[in-house]
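Here is the structure we will look at.
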Amino acid sequence: MPAAPRWLAVLFALWCVCGEAESKRNYKCPSGCSCSKETIICIGTTQIPRTVPNDITSLSIVNGSIAEIAEGIFSLMPFLHLLLVNANSLTMIKDDAFYGLSHLEYLFIEGNKIQTITKNALRGLRALTYLSLANNRMRFLPRDLFFDLDSLMELDLRGNSFQCSCENKWLMTWLKNTNATVSDVPCAGPNDMKGKRLNDVPIPPGECTSTDFLRHQSIPIQSLSGDIFSFKEDIFVAMAAPNSNSCVIMEWDHIEMNFRKFDNITGKSVVGCKSVQIENHVLIIVTQLFGGSHIYKFDEQQNKFIKFQTMEVFNISKPNDMEVIKIDSDLYFLIVDSSKAGMSTLYKWKDQPDRNETGFYSYQFLHEWFRDTDAEFVEVDGKSYLILASRSQPPVIYLWNKSTLKFIHHGEIPDVDDVVAVKAFWVEGELYLALACYIGDSKVLKWANKQFTEVLALPSRGAMILQPFTFADRQYLALGSDYSFTQIYLWDTETKTFHKFKDIYVQSPRSFTVVTTDRRRFIFSSSLKGKSIVFEHIFVDLSL
């Protein structure tokens, strides 16, 4: 039977009962209502009657101006079997609106203006067999709204504007699995779903899942970098902290679920801390503006890092970045020099104790006099490349020569100036470069036909880092600036490009590094002028 005729028939039957039992009333019937011993029918009333016998089993309120159902308002009618509140002015139903109606079997709330029903609005209605919410203005229903309705046999949801989207994913699943008879519910949107039945719409796995970044820990250390490394099944971060003239080593506490200080390597204007693992040893390379640069080695007996080597840095005036490189079986690292008079220098690991040569020694000088800012090593098409970014010219590409075992000049990336950071990443089997530009737009380039070409420009001002990172098959870019919030971009697999995802706040960020531990995922964000921040990467169920 259609929704309107069904409740009209019920109302007519109750009206007849009221007329027959008029003489049985021994209480004052509320104004605007007709009453019998067990039934009350109110037409055009402005409020729900409160002073009624507690043995009333049926209450109908029609064509009135009821705007709200207050919590517990029906608690004095515990034996209600039927409740009908149709054609009133209800806009929402709040939690526990029907508190105390444990015997209610039929509930009609039709023809109102309801847009919102809270999650626990129907709580306690375990005897309810028929529910009609027809002809309202609902677009979504809260997850598990029908959880308490153990006896439900019929549900009418017609005449609403339900969206066949993630917010109703739970409802689509529930409709497919319920034993109750449910009216056909057509999709009102989005446009490509209009006309389809709600319970026929497929929801692919993962379709209604998003992610977010929540602040997890603030570390009161200003830092230029955060280099994550693992050692003996523990996780550490090496932080270059120039304001405290030190390289701070922090260890992950698996109980407190945060970083705590482990060691402190003091120096003079420390600008870089980089970890290198050789066999079972961990080395920390510490670059400084003054006093040269040094390598420290972890000593298990002392449980701290001790000086291992003072490096040859005669051509390094202003170290800016370090890049660890492994080619075949040989280990190198590069110190990028950002001064006008310096040269970026490649160092090679030697282990020749008979010659008293165990450590890193200068191997090749690169890119003289160009204020280099950052370097990135990539392997593509069976070849090894080194990209050097500079503030005084476009990025330069070096190619590893397998005969001379040296880098040779290969070319440059045109039309990109004032690059302060360069990072490589792979998406769907293709190589990209992220170039952070302090002035002008930052760029994303793609490797194609043996060269890098621009595919995306990201508006930026004062950008110092454009960091790619991946979590659970989601590719992100973090664009960090000295003048604005850090902008997180997310790769769209359909459009094959990045879209703005969200903003996070880190004061003057200098690095974003992935930390994965205890089945949780984090981003360590260094800050030059504020606290270093750890953000947790979480999954968000959009169907909640």
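The values are calculated or read from the model by the stated rules, or taken from the named source; none is laboratory data. This is a predicted model, so every value here is computed, not measured. So basically every Cβ, Gly included, is an ideal-geometry build from the backbone, and we count neighbours across all protein chains shown. What goes into the accessible areas is simple: the full protein's heavy atoms, side chains included, and nothing from ligands, DNA or RNA. Shrake-Rupley method; radii C 1.70, N 1.55, O 1.52, S 1.80 Å.
Taken across the stretch 111-122, residues that are open to solvent by 30 Å² or more (accessible area, probe 1.4 Å), touching a Ser or Thr at 6+ places or on another chain (Cβ under 8 Å) and closer than 18 Å to Asp96 by Cα do occur, with at least one present.
Tallying residues that are buried (at least 19 other Cβ atoms within 10 Å of the Cβ) and more than 15 Å from Pro468 (Cα to Cα) within the stretch 505-520 yields 1. Return yes when Thr51 is of a type in the set (Ser, Thr, Tyr), at pLDDT below 95 and within 30 Å of Pro142 (Cβ to Cβ) and no when it is not. Judged against the criteria, Thr51 is not a match. Scanning the stretch 441-462 for residues that are more than 26 Å from the chain's Cα centre (by Cα) and surrounded by fewer than 15 Cβ atoms within 10 Å (Cβ to Cβ) yields Ala448, Asn449, Lys450, Gln451, Thr453.
Condition check ((1) touching a Lys or Arg at 6+ places or on another chain (Cβ under 7 Å); (2) open to solvent by less than 70 Å² (accessible area, probe 1.4 Å)) across all residues:
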residue	(1), (2)
Cys166	no, yes
Lys176	no, no
Ser183	yes, yes
Pro190	no, yes
Leu198	no, yes
Ser210	no, yes
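Answer with yes or no whether Glu154 is among the charged types (D, E, K, R) and within 16 Å of Leu125 (Cβ to Cβ). When the stated conditions are applied, Glu154 passes them.
Scanning the stretch 161-178 finds one or more residues that are closer than 23 Å to Ile66 by Cα, assigned by the TED database to the domain that holds Lys37 and of a type outside the set (Phe, Trp, Tyr). Strands (runs of 3 or more DSSP E) fully within the stretch 198-311 that include at least 2 residues being over 18 Å from Lys531 (Cβ atoms), hydroxyl-bearing (Ser, Thr, Tyr) and within 33 Å of the chain's Cα centre (by Cα): 209-219.
Residue check: is Glu494 open to solvent by 10 Å² or more (accessible area, probe 1.4 Å) and in contact (Cβ under 8 Å) with a residue 24 or more places away in the chain? Here the answer is no, as Glu494 does not meet what is asked. Against the list (1) hydrophobic (A, V, I, L, M, F, W, C); (2) within 21 Å of Lys402 (Cβ to Cβ); (3) buried (at least 20 other Cβ atoms within 10 Å of the Cβ), the condition Ile327 fails is (3). Checking each residue in the stretch 406-429 for being open to solvent by 70 Å² or more (accessible area, probe 1.4 Å) and either part of a loop (DSSP other than H, G, I, E, B) or over 17 Å from Gln451 (Cα atoms) (or both) picks out Pro414, Asp415, Asp417, Glu428.
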